[in-house]
Amino acid sequence: MTWATFYLICFVVGVVFSLLSVVGSLGRLHLPAHWHVHLPHFLGHHAGPLHAPHVHVAGAAHGAQVGAVHHGAPGGSDISFFNVSSMMAFLAWFGGTGYLLTRYSDLWTLAAFGLSLLSGLAAATVVFLFLVKVLLAHETQLDPADFDLVGMLGKVNVTIRAGGTGEILFSQGGTRRSAGARSENGSEIQKGVEVVITRYEKGIAYVRRWDEMTEEDGRQ
């Protein structure tokens, strides 16, 4: 196999797989906001002005301890330089440059190889930076903790009658949500009272008054 053939094979492989990568990723690109809008499937049907923090409940006897909301890490920060797109760009430019230098110049073989290598590395770097700074700049990794209702602090929107069901409002992942709610101990909880979700079963949030839990925590 000649150097020209080797470079040509690298070029063809790089170009073909780069095209396949682009075609396969078209469906995952985020279009500008005026083209479409992503609506979360968990969007509540009643929206309110409440912005509540996420709290972690240690148990009925231990009260609640305010914690930080868990956010996904930026997707671009985890991508490796040696990813498929960068490697295919490297092969395409390495092969293309090497083929042209081999066929249409009188450069020494090692010199042509070195220039081709630099060309491929430059192309791979450009593609990598484009992925990190543009395409994946706003991608996030989902954290299951962001969708766990247990420990969420909310406010009663519809009075929870003794032994009955009402409604609460809370904020999760930057989205205002509502849920049917019952009192954990069966007592009545008036509208506007802050509560903590202690468990969530079959679409119903079981809650306790926030002030009761803080009082218990203070007595320990």
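Any read-out appearing in this document is the output of simple, stated calculations on the displayed coordinates, not a laboratory observation. Just so we're clear, the structure is a prediction, and the values are computed from it rather than from any experiment. Counting neighbours? That spans all protein chains shown, and the Cβs are built from the backbone with ideal geometry, glycine included.
Details
- Annotation: LEU110 fulfils all but one of (1) in contact (Cβ under 8 Å) with a residue 60 or more places away in the chain; (2) farther than 23 Å from VAL22 by Cβ; the unmet one is (1).
- Test result for GLY163, touching a residue at least 60 places away in the same chain (Cβ under 8 Å) and surrounded by fewer than 19 Cβ atoms within 10 Å (Cβ to Cβ): no
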